[in-house]
(Lines give C-alpha, C1' and ligand atoms only; values in the text may rest on other atoms or scores of the structure.)
Protein backbone atom coordinates (compact mmCIF):
# COMPACT_ATOMS: atom_id res chain seq x y z
CA UNK A 1 0.00 0.00 0.00
CA UNK A 2 2.81 2.41 0.94
CA UNK A 3 4.49 1.66 -2.43
CA UNK A 4 1.25 2.42 -4.31
CA UNK A 5 0.83 5.75 -2.48
CA UNK A 6 4.47 6.67 -3.14
CA UNK A 7 4.15 5.76 -6.82
CA UNK A 8 0.94 7.80 -7.11
CA UNK A 9 2.58 10.80 -5.45
CA UNK A 10 5.56 10.57 -7.82
CA UNK A 11 3.29 10.45 -10.89
CA UNK A 12 1.21 13.42 -9.70
CA UNK A 13 4.36 15.31 -8.70
CA UNK A 14 6.07 14.71 -12.02
CA UNK A 15 2.96 15.89 -13.91
CA UNK A 16 2.85 19.06 -11.83
CA UNK A 17 6.56 19.65 -12.44
CA UNK A 18 6.14 19.24 -16.19
CA UNK A 19 3.11 21.56 -16.21
CA UNK A 20 4.86 24.27 -14.17
CA UNK A 21 6.04 27.14 -16.38
CA UNK A 22 9.77 27.63 -16.70
CA UNK A 23 10.37 31.35 -17.09
CA UNK A 24 13.97 31.90 -16.12
CA UNK A 25 16.91 30.87 -18.26
CA UNK A 26 20.56 31.19 -17.38
CA UNK A 27 22.56 34.14 -18.63
CA UNK A 28 26.06 33.29 -17.48
CA UNK A 29 29.65 33.51 -18.65
CA UNK A 30 29.76 32.07 -22.16
CA UNK A 31 26.13 32.94 -23.01
CA UNK A 32 25.52 34.93 -26.18
CA UNK A 33 22.77 37.49 -26.78
CA UNK A 34 21.65 38.06 -30.37
CA UNK A 35 20.10 41.45 -31.15
CA UNK A 36 18.15 43.09 -33.96
CA UNK A 37 18.60 46.84 -34.34
CA UNK A 38 15.84 48.66 -36.25
CA UNK A 39 16.28 52.27 -37.38
CA UNK A 40 15.12 54.56 -40.22
CA UNK A 41 13.39 51.71 -42.05
CA UNK A 42 16.47 49.45 -41.96
CA UNK A 43 17.83 46.87 -39.58
CA UNK A 44 21.07 45.26 -38.48
CA UNK A 45 21.92 42.19 -36.45
CA UNK A 46 24.70 41.88 -33.92
CA UNK A 47 25.61 39.74 -30.96
CA UNK A 48 27.46 39.93 -27.67
CA UNK A 49 28.95 37.34 -25.37
CA UNK A 50 29.40 37.37 -21.61
CA UNK A 51 33.10 37.00 -20.88
CA UNK A 52 33.17 37.55 -17.09
CA UNK A 53 30.82 38.09 -14.19
CA UNK A 54 30.70 39.02 -10.53
CA UNK A 55 27.81 39.35 -8.08
CA UNK A 56 26.33 42.57 -9.52
CA UNK A 57 28.05 42.93 -12.90
CA UNK A 58 28.58 41.03 -16.14
CA UNK A 59 31.22 41.97 -18.71
CA UNK A 60 30.09 41.66 -22.32
CA UNK A 61 32.09 41.70 -25.53
CA UNK A 62 30.71 42.83 -28.87
CA UNK A 63 31.28 40.08 -31.42
CA UNK A 64 31.22 39.74 -35.20
CA UNK A 65 31.53 42.49 -37.77
CA UNK A 66 30.89 45.29 -35.25
CA UNK A 67 33.86 44.34 -33.08
CA UNK A 68 36.73 46.83 -33.33
CA UNK A 69 39.27 44.55 -31.69
CA UNK A 70 40.06 46.84 -28.77
CA UNK A 71 38.84 47.71 -25.26
CA UNK A 72 35.88 49.56 -26.81
CA UNK A 73 34.34 46.16 -27.59
CA UNK A 74 33.79 45.53 -23.87
CA UNK A 75 31.11 46.92 -21.58
CA UNK A 76 29.83 46.26 -18.09
CA UNK A 77 26.14 45.67 -17.32
CA UNK A 78 25.40 46.44 -13.65
CA UNK A 79 22.49 44.51 -12.12
CA UNK A 80 21.05 44.05 -15.61
CA UNK A 81 20.21 47.76 -15.81
CA UNK A 82 23.11 50.19 -16.20
CA UNK A 83 25.73 49.97 -18.96
CA UNK A 84 29.22 51.45 -18.79
CA UNK A 85 31.83 51.05 -21.52
CA UNK A 86 35.05 49.45 -20.29
CA UNK A 87 36.99 52.29 -21.90
CA UNK A 88 35.19 54.85 -19.69
CA UNK A 89 34.28 55.59 -16.08
CA UNK A 90 32.60 52.96 -13.94
CA UNK A 91 30.04 53.69 -11.23
CA UNK A 92 31.32 53.87 -7.65
CA UNK A 93 30.65 51.04 -5.21
CA UNK A 94 27.87 53.12 -3.62
CA UNK A 95 26.29 53.69 -7.03
CA UNK A 96 26.57 49.99 -7.84
CA UNK A 97 24.81 49.18 -4.57
CA UNK A 98 22.07 51.72 -5.35
CA UNK A 99 21.53 50.14 -8.78
CA UNK A 100 21.37 46.67 -7.20
CA UNK A 101 18.86 47.99 -4.64
CA UNK A 102 16.39 48.72 -7.45
CA UNK A 103 15.56 44.99 -7.30
CA UNK A 104 12.83 43.94 -7.13
CA UNK A 105 11.87 46.53 -9.73
CA UNK A 106 9.22 48.89 -8.35
CA UNK A 107 7.66 51.70 -10.44
CA UNK A 108 8.84 55.11 -9.29
CA UNK A 109 12.20 53.95 -7.88
CA UNK A 110 15.03 56.27 -8.95
CA UNK A 111 18.84 56.12 -8.90
CA UNK A 112 21.15 59.04 -9.67
CA UNK A 113 24.66 58.29 -10.95
CA UNK A 114 27.31 61.01 -10.87
CA UNK A 115 30.22 58.94 -12.25
CA UNK A 116 31.28 59.78 -15.77
CA UNK A 117 28.83 62.20 -17.38
CA UNK A 118 26.12 61.20 -14.89
CA UNK A 119 22.76 59.53 -15.36
CA UNK A 120 19.34 59.11 -13.81
CA UNK A 121 17.49 55.77 -13.93
CA UNK A 122 13.78 55.57 -13.12
CA UNK A 123 11.78 52.35 -12.99
CA UNK A 124 8.53 52.60 -14.93
CA UNK A 125 5.51 50.41 -15.37
CA UNK A 126 5.55 46.63 -15.76
CA UNK A 127 5.33 45.24 -19.26
CA UNK A 128 6.00 41.99 -21.12
CA UNK A 129 8.75 41.08 -23.56
CA UNK A 130 8.52 38.13 -25.96
CA UNK A 131 11.72 36.08 -25.90
CA UNK A 132 12.64 32.43 -26.24
CA UNK A 133 9.10 31.39 -27.19
CA UNK A 134 7.13 33.16 -24.49
CA UNK A 135 6.09 36.51 -23.08
CA UNK A 136 8.17 37.32 -20.04
CA UNK A 137 7.43 39.80 -17.24
CA UNK A 138 9.59 42.91 -17.49
CA UNK A 139 9.78 46.58 -16.57
CA UNK A 140 10.51 49.69 -18.58
CA UNK A 141 13.30 51.82 -17.14
CA UNK A 142 13.86 55.36 -18.38
CA UNK A 143 17.49 56.40 -18.51
CA UNK A 144 18.50 60.04 -18.79
CA UNK A 145 22.17 60.43 -19.66
CA UNK A 146 23.95 63.74 -19.16
CA UNK A 147 26.99 65.14 -20.91
CA UNK A 148 27.40 67.56 -23.79
CA UNK A 149 23.93 66.59 -25.00
CA UNK A 150 21.38 65.11 -22.63
CA UNK A 151 19.72 62.01 -24.08
CA UNK A 152 16.90 59.79 -22.92
CA UNK A 153 16.21 56.15 -23.73
CA UNK A 154 13.88 53.47 -22.48
CA UNK A 155 15.27 50.06 -21.67
CA UNK A 156 13.34 46.87 -21.03
CA UNK A 157 14.69 44.69 -18.23
CA UNK A 158 13.36 41.20 -17.53
CA UNK A 159 11.94 40.57 -14.07
CA UNK A 160 13.08 36.93 -13.81
CA UNK A 161 16.59 37.37 -15.25
CA UNK A 162 18.60 40.52 -14.56
CA UNK A 163 19.30 41.56 -18.12
CA UNK A 164 18.42 44.36 -20.53
CA UNK A 165 16.59 42.92 -23.54
CA UNK A 166 15.33 46.03 -25.29
CA UNK A 167 16.43 49.61 -25.91
CA UNK A 168 14.25 52.34 -27.40
CA UNK A 169 16.61 55.09 -28.49
CA UNK A 170 15.72 58.77 -28.40
CA UNK A 171 16.18 58.92 -32.19
CA UNK A 172 13.31 56.40 -32.70
CA UNK A 173 15.60 53.42 -33.20
CA UNK A 174 15.01 50.22 -31.27
CA UNK A 175 17.26 47.28 -30.34
CA UNK A 176 15.76 43.98 -29.20
CA UNK A 177 17.23 40.68 -28.03
CA UNK A 178 15.83 37.85 -30.16
CA UNK A 179 17.86 34.88 -28.88
CA UNK A 180 19.95 33.92 -25.86
CA UNK A 181 22.24 30.90 -26.04
CA UNK A 182 23.63 28.84 -23.20
CA UNK A 183 27.36 28.23 -23.04
CA UNK A 184 28.66 24.83 -24.11
CA UNK A 185 31.23 24.83 -21.32
CA UNK A 186 31.46 27.99 -19.20
CA UNK A 187 34.67 26.77 -17.57
CA UNK A 188 36.44 26.84 -20.93
CA UNK A 189 35.56 30.48 -21.67
CA UNK A 190 38.69 32.56 -21.16
CA UNK A 191 38.26 36.04 -19.76
CA UNK A 192 41.03 38.63 -19.65
CA UNK A 193 39.92 40.47 -16.49
CA UNK A 194 42.35 43.34 -17.17
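Which members of region 149-161 meet the condition of being within 14 Å of residue 128 (Cα to Cα) and part of a loop (DSSP other than H, G, I, E, B)?
Within region 149-161, 159, 160, 161 meet the criteria.
Name every residue in region 27-62 that is surrounded by fewer than 16 Cβ atoms within 10 Å (Cβ to Cβ), out of contact with any helix residue (DSSP H, G or I) (no Cβ under 7 Å at 6 or more places or on another chain) and closer than 25 Å to residue 91 by Cβ, in order of residue number.
Answer for region 27-62, where residues must be surrounded by fewer than 16 Cβ atoms within 10 Å (Cβ to Cβ), out of contact with any helix residue (DSSP H, G or I) (no Cβ under 7 Å at 6 or more places or on another chain) and closer than 25 Å to residue 91 by Cβ: 54, 55.
Against the definition (modelled with pLDDT of 95 or more and exposed (fewer than 13 other Cβ atoms within 10 Å of the Cβ)), how does residue 127 come out, yes or no?
Working: modelled with pLDDT of 95 or more: yes; exposed (fewer than 13 other Cβ atoms within 10 Å of the Cβ): no.
So residue 127 fails the test.
Those residues that are closer than 22 Å to residue 41 by Cα, over 12 Å from the mean Cα position of the chain (by Cα) and crowded, with 19+ Cβ neighbours inside 10 Å, I need them from region 130-186; list them, please.
175
The values are calculated or read from the model by the stated rules, or taken from the named source; none is laboratory data. The model shown is predicted, which means the values in this text are computed figures rather than measured ones. Note that we place each Cβ from the backbone using ideal geometry, even for glycine, and neighbour counts take in every protein chain shown.
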